[in-house]
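The values are calculated or read from the model by the stated rules, or taken from the named source; none is laboratory data. Keep in mind the model is a prediction, meaning the values are calculated, not measured. Ideal geometry is used to build each Cβ from the backbone, glycine not excepted, and the neighbour counts take in all protein chains shown. Note: areas computed on protein heavy atoms with side chains; ligands, DNA, RNA excluded. Shrake-Rupley method; radii C 1.70, N 1.55, O 1.52, S 1.80 Å.
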Amino acid sequence: MTTSHVYQIYIRAGIETVWNAIVDPAFTRQYFFGSSFEAPPVAGREYRSVLADGSVGVDGVIEELDPPHRLVQTWRVRYDEALAQEPASRVTWTLTEAGDGLTLLRVVHGDLAFSPLTAANVGSGWPYLLDGLKSLVETGTPLPPRYARGPAPDAETTGKDWHRQQAAQANDATFDLLEAEPLDAEAVLRGAYAAAFHWDRVASKRPENEVRARYLIGKAWLAAGSGELALDYGDRCLAGCLAAGLADFDLAYAHELRARALQLLGRGDEARREWAEAISIGIADEEDREIVERDLAVPPWG
């Protein structure tokens, strides 16, 4: 998941010179893709950055302004219709005197977790822009035009890839929460459902993704002490395995979940039968087999 882009660059110039290059339209039009502040930035006020043709490229709010050290601005793209539909992100400029006539410029373009198109679009733009700023300040000449970039990121494809990243992150975080002490059952439940939400929106979703999402939700309900809901998801998990022809560890874990839920519900005999099914399933991959054996080392009855 891309939540921020972070860049830093040393510039052979005083801090005031670099600051002016960031806010003065006479400078920015030369390296910032022809854009400039429509009016001088003022803390707490809205701003607009206009392109060479007068159209608005980016707008937002100046959240912090501390010349010549810090500028924080929200950032909503206006030059592309699809990007304009995403939430505003945030750009933070930090300037530090790093030596005699030397300035360290750090730029963080953050709050991009819910703006995948913007993250993809600006990711390749910032390095060229900042190198252009450095070239202009140090030599008086901006970088030459670069070759045309490839096509703009596709909204649907980029969004689906973003859902995969979110799903994987939520999945891993939830398993970590299941092992944490003290256990936060509510956080585990939220993580499991978040992972399932994103897996359902992945372009290349496969049956095993759905089965594993159901399994994680079932484990979360076990952690919350709800045997009935855990068993319901265990049943869904097993049904998904059978419908898709999934065997190996997916099937083993489906039986394991059902066994633990049944034990929690006081149905010990059924739990033992399910557990026997779980441990009888062969796991082809050696690494997977070691993981399953570790997870099934302790039966539901302790």
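What to note about this one:
- Within region 131-151, the set of residues being in a helix (DSSP H, G or I) and either under 24 Å from the mean Cα position of the chain (by Cα) or surrounded by 15 or more Cβ atoms within 10 Å (Cβ to Cβ) (or both) comprises Asp131, Gly132, Leu133, Lys134, Ser135, Leu136, Val137.
- Among the residues listed as Glu210, Glu186, the single one being in a helix (DSSP H, G or I) and either within 28 Å of Ala120 (Cα to Cα) or touching a strand residue (DSSP E or B) at 6+ places or on another chain (Cβ under 9 Å) (or both): Glu210
For every residue, the table says whether it meets (1) free of Cβ contacts under 8 Å to residues at least 40 places away in the same chain; (2) out of contact with any Gly (no Cβ under 9 Å at 6 or more places or on another chain); (3) on the phi < 0 side of the Ramachandran plot.
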{"site": "Leu238", "(1), (2), (3)": "yes, yes, yes"}
{"site": "Phe249", "(1), (2), (3)": "no, yes, yes"}
{"site": "Ala254", "(1), (2), (3)": "no, no, yes"}
{"site": "Ala259", "(1), (2), (3)": "no, no, yes"}
{"site": "Ala271", "(1), (2), (3)": "yes, yes, yes"}
{"site": "Trp275", "(1), (2), (3)": "yes, yes, yes"}
{"site": "Ile279", "(1), (2), (3)": "yes, yes, yes"}
{"site": "Val292", "(1), (2), (3)": "no, yes, yes"}
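- Of all residues in region 102-130, those satisfying the criterion of being open to solvent by less than 30 Å² (accessible area, probe 1.4 Å), over 19 Å from Ala13 (Cβ atoms) and not in a helix (DSSP H, G or I) are His109, Gly110, Leu112, Ala113, Ser115.
- Of all residues in region 194-207 being under 17 Å from Tyr233 (Cα atoms) and surrounded by fewer than 16 Cβ atoms within 10 Å (Cβ to Cβ), the one that is farthest from the chain's Cα centre (by Cα): Pro207
- The set of residues in region 183-215 that are farther than 19 Å from Leu257 by Cα and in contact (Cβ under 8 Å) with a residue 40 or more places away in the chain comprises Arg201, Val202, Ala203, Ser204.
- When each of Asp269, Asp232, Asp250 is tested for being part of a helix (DSSP H, G or I), acidic (Asp, Glu) and more than 22 Å from Ala192 (Cα to Cα), the lone residue that passes is Asp269.
- Some residue of region 276-288 being assigned to a helix (DSSP H, G or I), open to solvent by less than 40 Å² (accessible area, probe 1.4 Å) and at pLDDT 95 or above: yes
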